[in-house]
Amino acid sequence: MTDNKLRVGILGASGYTGADLVRLAAQHPNMDLQVLTANSHAGKKYAEVYPHLGGMNLPDLIKIDDANWGDLDVIFCGLPHGTTQKIVASLPEHVKVIDLSADFRLRDVDTYKEWYGHEHYAPELQPSAVYGLPEHYREQVKSARLVACPGCYPTAVLLLLIPLLKAKLLDEKSLIIDAKSGLTGAGRGLKLNTLFAEAGEGMSVYSVTGHRHAPEIEQELSVALGRDVMVTFTPHLIPMSRGEFISTYANLANGASVQDLRECLNDAYQDEPFVRLLAEGASIGTQHVRGSNQCLLSVNKDRVEGRVLLFSTLDNLVKGSSGQAIQNMNIMSGLDEALGLNQQPMFP
């Protein structure tokens, strides 16, 4: 290990997000992977769990209780909701934490309890947690010790809508968000609705009465607009492994035109390394971002007067989780934000 490398641990390394985090971290020039935890696979070589990463020199998997936190600089937490809250408070002060669960995303602990079904276990830490959407909270991330990495759906939605609501170009009461995700968004655990025979060759809606990403989306859109925002948000599972596609329908506001929306998004993201506004009429699809930390945006006029069709897409395992987590780590550590994240999409 060279002196300029960050000593890194990944908690929950056996999930899909954990695997992509390991894949990216092992190729990052400033990351030294020292700890990988997975309680259910402790003692195994990482390649026994994920053979596709067998060519990398990785530490064996251990239990969380066996990790020496004092030897690390950065910890990524990819654990089930409610777990990170119990761990962070006991970590040494010098350790920076990027949490990929929902434990610190919601600013209000009562809202967290409402949506996740239990008391927040570390309410004293919530005020110091920074919402890790780098394109809109970069300065806060720079000085953060604890970053809450956004959910995959919220990332795709917020990158599209935050600039437009800030500029008051859309009627926030008209927002309808139609979201579709590949099956890895549901995690690696065995579930009936993600079995091949259940999910293959079909599409299904889920969490119709309220998905946990809805309050996260509403929280950040409310911050952007300066008043409470509620949206219609409906997620769907589609039979592919990775990728997310968001279709948003809205009414224009304050005499805005489609060109105004395009100019607004261009101004917001023209210097951003991972967000790209597509040319009018250009093809947009999940296959154009697969395996990358990119998010693509598209703005289109609806045939219904005064309405607009907005699209965004990203890889839920990269820009929607592991890639964005490393992007945050780079910022927190004073590194080039794009370091280790310039992989181009895999196509076909």
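Quick notes
- On Cα atoms only, tilt of 258-269 relative to the major axis of the chain in degrees: 20
- Panel order for GLU220, GLU135, GLU48, GLU305, by other beta carbons found within 10 Å of each beta carbon, from fewest to most: GLU305, GLU48, GLU135, GLU220.
- For the stretch 153-318, alpha-carbon Rg relative to the globular expectation (2.2 N^0.38 Å, N residues): 1.03
- Compared with the dominant Cα axis of the chain, that is its longest principal axis, helix 323-332 is turned about 70°.
- For the stretch 1-146, convex hull volume per residue from C-alpha positions, Å³: 125
- Entries of LYS191/LYS319; LYS45/LYS86; LYS173/LYS301; LYS96/LYS166 with Cα pairs more than 29 Å apart: LYS96/LYS166
- The charge dipole of the stretch 6-128, taken about its Cα centre with unit charges on the Cβ atoms of Lys, Arg (+1), Asp and Glu (-1) only, comes to about 320 debye.
- Selected from ASN193, THR248, PRO215, residue furthest toward positive end of dipole (the stretch 153-318; charges at beta carbon): ASN193
- Additional length obtainable on full extension of the chain from ASN39 to TRP69, 0.36 nm per residue less Cα span: 9.2 nm
- Centroid-to-centroid separation of the stretch 302-332 and the stretch 142-187 [C-alpha atoms, Å]: 7
- Nearest 10 degrees, 0 to 90: helix 152-166 Cα axis against the chain principal axis: 40
- Which of HIS81, ALA47, PRO123, positive extreme of dipole for the stretch 6-128 (C-beta unit charges): ALA47
Rule-based calculations on the coordinates, nothing more; no lab input. Computed from a predicted model, the values in this text were never measured in an experiment. Heads up, the Cβs are rebuilt from the backbone with ideal geometry, glycines too, and the neighbour counts pull from every protein chain shown.
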